[in-house]
Amino acid sequence: MSRMLHIKKNDRVVVINGKDRGKTGKVLAVFPKFDNVLVERANFAKHHTKPRRYGQQGGIVEREAPIHISNVMLICPRCNRQTRTYRKILETGFRVRVCRKCREVAERE
């Protein structure tokens, strides 16, 4: 069973804690099992790679590492501010995320 998280793939988020505090980016991946998200241009880590075939070059590669979901906050697409959300069920039966600041529907789930 998958867990319901307040952040989804392709959301714009801001990092609110850690070494990359204040950076914004798009969510590239969500890992509900570990409560982590992968944010574009945030939390870079160095990975050492070996050449795997003839002619390929090894070296140190920087790429994004997962961040705990409690350290990021959604940026509302309507009011363009960082906000918390709550869930609401519409009359049509759809479940939506609603911005706590502007009370607008952030996106249908």
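Values quoted throughout were computed directly from the atomic coordinates according to the rules given, and no laboratory measurement underlies them. Computed from a prediction, not measured in an experiment: that's the story for all the values here. Reconstructed Cβ throughout: ideal geometry from the backbone, glycine too, with neighbour counts over all protein chains shown.
Okay, here's what the table says:
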quantity	calculated
Cα-centred dipole magnitude for the chain, charges only on beta-carbon of K, R (+1) and D, E (-1), debye, nearest 20	60
Contour excess over end-to-end distance, with Cα ends at Thr49 and Arg100 and 0.36 nm allotted per residue	14.0 nm
The chain, relative contact order [Cα under 8 Å, separation at least 6], %	20
Calculated from backbone phi, Karplus (6.51, -1.76, 1.60) coupling profile of the range 47-63 in Hz, x at Gly/Pro	10, 8, 10, 9, x, 9, 9, 4, x, 7, 9, x, x, 9, 10, 9, 8
Cα-only Debye scattering, the range 1-75: base-10 log of I(q)/I(0) at q = 0.19 Å⁻¹	-0.74
